[in-house]
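Scroll down for the structure; my scribbles are underneath it.
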Amino acid sequence: MEPLSGPLNLLCEFLRFPSVSTDPSRAGAVSACAQWLAGHLAEIGLLSEVHPTPGHPVVVARNLHKLGRPTVLIYGHYDVQPEDPVELWQSAPFEPEIRNGVLFARGSADNKGQIFAHIQGVAQALKNKGEIPVNLIFLVEGEEEIGSPHLEGFLKAHREALRCDIIAVSDTSMVAAGVPTLTYGLRGIAAMEIRVKGPSMDLHSGIYGGAVRNPAVVLAHLLASLHRSDGRVAVEGFYDAVLPLEDWEREAWAGIPFGERQIEANTGAPALGGEVEFTALERIWGRPTAEVNGIGGGFQGEGTKTIIPKEVFAKLTFRLVPDQAPEFVLAAVERHLRAVCPAGVTLEVLPGHSGETYVTDPHSPCGRAAQEALRRVFPGRQVALTREGGSIPIVNTFQRVLGVETLLLGLALPDCRAHAPNENFPVANFEAGILLNQTLLEELSRVNLF
Ligand code: BES
Ligand code: ZN
C-alpha cells in the first residue's frame, strides 16, 4: 500500500461505507455514510445538514452567502451500486486499495471520488484563502443509483434554499486520461420488466413438449424481435422523436481520441455492433438503444433438467436521446411485444423507473467558463465536447424544477469499471478534480449572470 496524503485518506474513509442504495439491508450504512459526509462538510467550515427523506437522506452544505456573488450548486451522490459478483474483485470492494497510482473501491469513480474531489477543492480554498469566490451549495444525495425517487420532491420543497445560477456535476467520464472533457448531453432511460407465463407448473418436457408453448422460447422470440438485422430497434414509433445529430457534433466527435479501438480494448468485446450507419461514439452518445439487462427463469443448475418452465422474465432498459419521452417509448414497446407475443402464454409488462434526456449549450457563458477552467487544469490540451451514453435523470429535473443548466465535468476514465468489479479512479484524476473545483469556481465567479 502506498502512503496516503490527507485528502486521499479521507476519501478512503468515505469509500469504506457500503452505501448500496438498492439493498435494504444496507440502509444503516447508507445513513451512516450521510452522517459522516455531513460531519466532514461541517469540519471544513460549511453549514451542513442531513435531511431525511422517505428513502435515503440528502446532505446539503453551504458557505455564508454574500450578495452579488453567483450561486453555484455542486451535485453528487454518495450511494453506490451493489458490489457483486464480489469474487471477481482483486481487493475487497469496501476496503480501498491503491495499486500503481489507481484507487480501487466500489464508488471510487461513481461517484464518491468525483464529488469528494470538489469537496476537497473547497476545503483547500477555505483553508488557504479563508473563502471561496462564489456562494456555494453542495447537494449530495443517496438515491442516484436507484433513479433519485425522492430528490424531485426535495427540490420542490426546498426550492428557495436551493436557488442557484448554475449547477456543476462530476459524475461522467473524460474521453481519455489527461483529456479535459465537458459533457453537454446525457441519455435518458426507461426501464421495464417483462414476464412470460405459461403452464401453472413446470412441466416434464417429454410428456408435454411439442404441445404446450414454452415461455422461455417465447421470451427469446420477443427479445429477438426488438432489433432488426441492421442494428436498428424494430419497435414502431421508437425513433419518431429522435433529434438528428448536428453537423458540428459529428465533426467534433470524429476528432475525439476515443473510438472503436478503445471501446474494444476497454470492454474485451471481440467486435462491436449496433446501428450500421453510425460510428460507435454516435451510437453511444447520440442514438437510443434497447438493452436486455437480465434474463431469468427455468433451470439454472448444473447439468440438464428436462422441463418447460412455467414462467420466465427479462429486465429491459431503453436509453433515450432528445426528444424521446420515456412514457411514449415504454408504451410503444409494450404495443410491439403484445403484437409479437403468440397465444398460449400470458405476457406481463411492468414499467420501471425512468429518466429524461438532457442536452445543453456548451458555448453558453457558463459553458465557456467551464472550458476555460478545464484548459487551466490541463494546459495545452484541447477540451473535448461530448455527450454521454449514461443517464443522470436529476439533471433534467434541475432544468425543469430549478430552471438551471448543469455543467458536466467528468473526472472518471472510460475504463473505470463503474457498476462492475474492480471499479477504480486514478489518484491523478482525484488531484486534478481538486484543482478543477478551484479553477471552476474562480471562472464562474467572473461570469456575468445578472
Ligand atoms: N455516473 C452514472 C451516470 C453516467 C455514467 C453518466 C457514465 C455518464 C457516463 C450514474 O451514477 C449512473 O449510473 N446512472 C444510472 C441511472 C439509472 C440508475 C437511473 C445509469 O446511467 O444507468
Ligand atoms: Zn452509477
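Side notes on the structure shown:
- Residues of the stretch 288-318 that turn out to be in contact with a Ser or Thr (Cβ under 7 Å, 6 or more places away or on another chain), under 28 Å from ARG228 (Cβ atoms) and polar (S, T, N, Q), as a count: 1
- Subset of the stretch 70-83 (residues that are within 16 Å of ligand 1 (Cβ to nearest atom) and assigned to a loop (DSSP other than H, G, I, E, B)): TYR78, ASP79, GLN81, PRO82, GLU83
- Restricting attention to the stretch 132-150, the residues that are within 16 Å of ligand 2 (Cβ to nearest atom) and either of a type in the set (D, E, K, R) or not in a helix (DSSP H, G or I) (or both) add up to 9.
- Filter result (open to solvent by less than 40 Å² (accessible area, probe 1.4 Å), away from ligand 2 (no atom under 16 Å from the Cβ) and under 30 Å from ASN437 (Cβ atoms)) within the stretch 175-223: VAL175, ALA176, GLY178, VAL179, PRO180, THR181, LEU182, TYR184, GLY185
- Of the residues making up the stretch 151-161, one or more are open to solvent by 50 Å² or more (accessible area, probe 1.4 Å), in a helix (DSSP H, G or I) and within 16 Å of ligand 1 (Cβ to nearest atom).
- For the stretch 378-388, the set of residues classified as buried (at least 19 other Cβ atoms within 10 Å of the Cβ) and either under 19 Å from VAL72 (Cα atoms) or not β-branched (Val, Ile, Thr) (or both) consists of ALA384, LEU385, ARG387, GLU388, listed by residue number.
- Residues being buried (at least 20 other Cβ atoms within 10 Å of the Cβ) and within 16 Å of ligand 2 (Cβ to nearest atom) - total across the stretch 84-116: 13
- In the stretch 310-321, residue farthest from MET192 (Cα to Cα) [restricted to those that are touching a Lys or Arg at 6+ places or on another chain (Cβ under 9 Å) and open to solvent by 10 Å² or more (accessible area, probe 1.4 Å)]: LYS310
- Test: residue in the stretch 96-109 that is within 16 Å of ligand 1 (Cβ to nearest atom) and of a type in the set (D, E, K, R): yes
- Residue within the stretch 18-41 that is touching a residue at least 24 places away in the same chain (Cβ under 8 Å) and of a type in the set (Lys, Arg) present: no
- Residue pairs meeting the criteria (Cβ under 7 Å; at least 6 apart or on separate chains; first assigned to a helix (DSSP H, G or I), in the stretch 372-395; second acidic (Asp, Glu) and more than 16 Å from ligand 1 (Cβ to nearest atom)): GLU372/GLU443; ALA373/GLU443
- Filter pass, ILE284 being open to solvent by less than 40 Å² (accessible area, probe 1.4 Å) and touching a residue at least 60 places away in the same chain (Cβ under 8 Å): no
- A search for C-beta distances below 7 Å between a residue of the stretch 129-147 that is farther than 25 Å from THR317 by Cβ and any residue that is charged (D, E, K, R), counting only pairs 6+ apart in sequence or on different chains, returns PRO133/GLU442; VAL134/ARG69; ASN135/LYS66; ASN135/ARG69; LEU136/ARG62; ILE137/ARG62.
- Any hit, the stretch 120-138, residues being buried (at least 24 other Cβ atoms within 10 Å of the Cβ) and within 21 Å of the chain's Cα centre (by Cα): no
- Pairs, first at pLDDT 95 or above in the stretch 338-367, second among the basic types (Lys, Arg) and away from ligand 1 (no atom under 16 Å from the Cβ), C-beta under 6 Å, six or more apart: GLY344/ARG213; VAL345/ARG213; THR346/LYS197; GLU348/ARG195
- Selection over the stretch 326-363 of residues that are part of a loop (DSSP other than H, G, I, E, B), surrounded by 16 or more Cβ atoms within 10 Å (Cβ to Cβ) and away from ligand 1 (no atom under 14 Å from the Cβ) gives a count of 4.
- Criterion: within 16 Å of ligand 1 (Cβ to nearest atom) and of a type in the set (Gly, Ala, Ser) - qualifying residue of ALA224, ALA191, ALA216, ALA220: ALA191
The values are calculated or read from the model by the stated rules, or taken from the named source; none is laboratory data. Just so it is clear, the model here is predicted, and its values are computed rather than measured. Quick reminder, even Gly has a Cβ in these numbers, built from the backbone with ideal geometry, and neighbours come from all protein chains shown. Note: areas computed on protein heavy atoms with side chains; ligands, DNA, RNA excluded. Shrake-Rupley method; radii C 1.70, N 1.55, O 1.52, S 1.80 Å.
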